[in-house]
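Presented below is the structure to which this report refers.
The values are calculated or read from the model by the stated rules, or taken from the named source; none is laboratory data. Quick caveat: nothing in here was measured; it's all calculated off a predicted structure. Reconstructed Cβ throughout: ideal geometry from the backbone, glycine too, with neighbour counts over all protein chains shown. For accessibility, only protein heavy atoms count, side chains too; no ligands or nucleic acids. Shrake-Rupley method; radii C 1.70, N 1.55, O 1.52, S 1.80 Å.
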Amino acid sequence: MDATNAPSHAGAAADETRSRWLSIVWAIARLAIGWIFLWAFLDKLFGLGYSTPSEGAWTDGGSPTEGYLTNVPEGPFQSFYNGIAGDAWADWAFMLGLAGIGIGLILGVLYRIATVGAAVLLTLMWTVVLPPTMNPLIDDYLVQAVVLIGLALAA
């Protein structure tokens, strides 16, 4: 057997190492984005004082969608989002989405559904702030959505 037909053990080992590290990176990304969603849920539920003051807690009668959707900047969807701001169905859908996505990503339960749901929610949140203020096209919502699509495909 000549050198061109010899198996490459070094190449196989390198591929295995690369695959292991890639799995670790995707797992960290899944946990990190899952925590972003779960933290947003907990903060809005209990008013932990980060993005939601204690008096705005959902458990104290606050609305998790009202403040954000009422202050939509001028854009193509302003009237739609202003119209659903604070509606009970919007609050419930948003909070169930945050909790389900966060728990699903962190625990790996129904993980593909959680990644797709998160990508959809992030894309909707991107439409709230159209046009983005920091960049005319891309913002952190879309970047996270792309990472989530990568997570769903990487499984």
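Could you order 110, 48, 130, 148 so the one with the most accessible surface comes first? Probe is 1.4 Å.
110, 48, 130, 148
Residue separation of residue 22 and residue 51 scaled by 0.36 nm, minus their Cα-Cα distance, works out to 7.2 nm of gained length.
Surface composition of region 50-155: carbon plus sulfur atoms hold 69% of the accessible area, using a 1.4 angstrom probe and ignoring ligands, DNA and RNA.
Checking (1) 1.37; (2) 1.08; (3) 1.50 against the coordinates, the calculated Cα Rg over 2.2 N^0.38 Å falls under label (1). Estimated from helices alone, the mean residue ellipticity of the chain at 222 nm is -22500 deg cm²/dmol (sum of -39500 (n - 2.57) over DSSP H runs with n ≥ 4, per residue).
When 134, 125, 95 are compared by accessible area at a 1.4 angstrom probe, the order from most to least is 134, 125, 95. If a spin label sat at a point 7 angstrom from the Cα of residue 42 along the line to its beta carbon, the backbone N atoms of region 90-131 nearer than 12 Å would be those of 103. Across 77, 46, 41, the residue with the most accessible area heads the list, and the full order at a 1.4 Å probe is 46, 77, 41. Under the simplified labelling scheme, the residue 143-residue 123 pair shows an inter-label distance of 2.0 nm, with each label point 7 Å from Cα along Cα→Cβ.
Short-range pairs are left out: with C-alpha atoms under 8 Å and at least six residues apart, the relative contact order of region 1-108 is 27 percent.
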